[in-house]
Amino acid sequence: MNTTVQYIGDWGHILAAALFAALSIWTGRRFVTERAGKLLVAALALTSAWLLSIAFGGVDRLESGVMESLRNCGWLVCLFVLPNRFGGQASRQARGARPLYLALALLLVAQSGVDLLANLAASEGAHIIGLADSAIVLRILWAIGALLLTQRIFIACPARVRAGIAPLAAAMTAMWGYDLVLYGAAFFNAGGMVKMLYALRGLNMAALAPVIALSSRTVRNAALQPSRVLAWRGLGVAVGIILALLILSALMALGNGASPVARTLAAAVLFLAVAGTLLFVPATRLHRTAKVLAAKHLFRHRYDYREQWMAFADTLGGDAHTSIHNRALKAMADITQSSCGALLLADSAEDGRFVWLAEWNWKGEHPEALQFAGAQYARMRAKGWITDINEARVGNEPLPLWLAQERSAWALVPLVHFGEQIGLVLLGHPPITRALDWEDFDMLRAAARQVASYLAEARGQAALAEARRFEEFNRRFAFIMHDIKNLVSQIALTARNAERHADNPDFRADMILTLKDCAERMNTLLARLSQQSGRAEQAVAPFALGDALHGLATQSLLVEGDRSLLVRADRAALAQVLGHLVQNAVEASEAGAPVLLRIEPTSDEAVLQVIDHGCGMSADFLRDELFRPFASTKQGGFGIGAYEARELVRAMGGSLTVESALAKGSIFTIRLPLAQPHAETPLSTGHGRAA
């Protein structure tokens, strides 16, 4: 056992000496021109020399005691110079602590004197009673004074400087705190424990070298701010090491001085204490409690804003299968580690009334809605006022009866978006019940604005989807009204002609065909009107183009090309498109002027062109108005004929384009897929009238 302890002690001190030597060289190269840097290099070099003296000479030699006093002197000078770099309160505190500096300096001189006297007495074989205890007491007093001075200087430094010198202050505190424990054990003659502490002293100093390296930026006034996660995990490791050392020390003390029965009882009590803590203390609650206490006492701010905001954004924009309301509520509750929460949305029918919408981990009953007084509602809406419910109860502020009696409620956060209050978030108590402070208010207010914007966007998306459904219905109805207008015009024309040609058998036969065609088209319109979606699936099938031309009976239409050409499209929809284009061409032309329908096959398409030589259209009208719904130049027109025609052709897998010029006429070109590949052939020159 003694050999192992000696081995750990020697190599631990050698490792620490090497680390401090390397650190002194690295620091000297970076800051050799600055006084604070030079002093830090001197303190590091003295620490390395002291560690080497212990590793190769042991702790009982005069050289080791003197080097320890020189090490302490180096760090004391650093503490004296450091506050003067920052001026202000730190410098004033340093001047006020001069008596403490003087006392520590005298203690160092006394330590060296006692060590020298003890060495002379030992060399002459004399024994001075109490000399060894005096040396230990002086070192205990030094450690206590150095800890007090370190704490005083650290607190006196400006807030912007503390983050930079925190690693250095922590290293000094750990170094002299370990010395205090070590010399305290030596004063009480805790034999085996003292040997173990002496052996572990080197490893302790080796662990402090990287911490001191973090402070190297301090001499340049650059504040080093390690992340809160790193600080939290480092604190956990430090606590674990301290607990392990305490348990190990207790076991060693029992092993050295207690009877077998006492050792057995003590070991049983220690085992039961550890096991009971692990079994009966909830790990989650213990972790949260420790985290809250650490954030309250060790960090400048309660929240790590970067990590907190990233977690907030991840939760808010996370699982798409979870509703935005549940995600928003969970994101708000995670900020304060609330145990439960609820989301209430504003009732548009009444100011100050909020409807219960979503909840998270909420226990017990809850009302369907909460009604707030006018003054409180106005304050929440105007200022985004966050309510500490416990404080409101104490101050007798007006609260809804259920909220005033609900003990699990902790904070009430309004969700305000551009002056409109969208809702409220009700948060439950965190693991450690506390009052809301300014950091809670600022954090929750910022998060509430983000949540309010998300909820407002979600509400806008829902309204937009509903408006689109209405728009689709209106568009479908407008198409049908347009077609009905065309049918009414056709029936009215037939009725007027019947007054003059009712006795003509050919006219009566043509009138019957026209009425049948109108009835068929009306039935088609009724079928389209009854459909639940925007447009029914097109009845796309192969057919000859001539089958779609029967309803185009007019004396002024000429058809040029192969009517038997097979295309793959919807016959009824194509007939409707051609009817509209031909009707528009006739209306745009002079009375009696012919309109040409030309059919041209290509390798994979059928090209249909409706050509007139009427008034034509301007380039601006073609670009901006022709295919824009509800824009019409006709008196009483709906302005959707061209738009509907293009949409019908696109639904069949084709395209509709237009070429036009003022006073020269227009060409509407329809391209549809052929039912089967077709070789390029010369255009047919046959002319004929529409059937």
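Things worth noting here:
- Put in line by how crowded their Cβ is, counting other Cβ atoms within 10 Å and starting with the fewest, Thr27, Thr669 read Thr669, Thr27.
- Normalised Debye scattering of region 308-463 at q = 0.12, 0.18 Å⁻¹ gives log10 I(q)/I(0) of -0.46, -1.11, counting only Cα atoms as equal scatterers and leaving out solvent.
- Going from the residue with the fewest nearby Cβ atoms within 10 Å to the one with the most, Ile512, Ile480 rank Ile512, Ile480.
- Whole-angstrom gap from region 570-604 to region 192-212, using each part's C-alpha centre: 98 Å
- Charge context of Gly364, other residues only, Cβ under 11 angstrom, K/R +1, D/E -1: -1
- Here the residues Thr47, Thr315, Thr524, ranked from fewest to most Cβ neighbours within 10 Å of their Cβ, fall in the order Thr524, Thr315, Thr47.
Readers should treat all values here as calculations from the given coordinates under stated rules, not as data from a laboratory. Fair warning: this is a prediction, and the values are worked out from it, not measured in the lab. Virtual Cβ from ideal backbone geometry, glycine too; neighbours counted across all protein chains shown.
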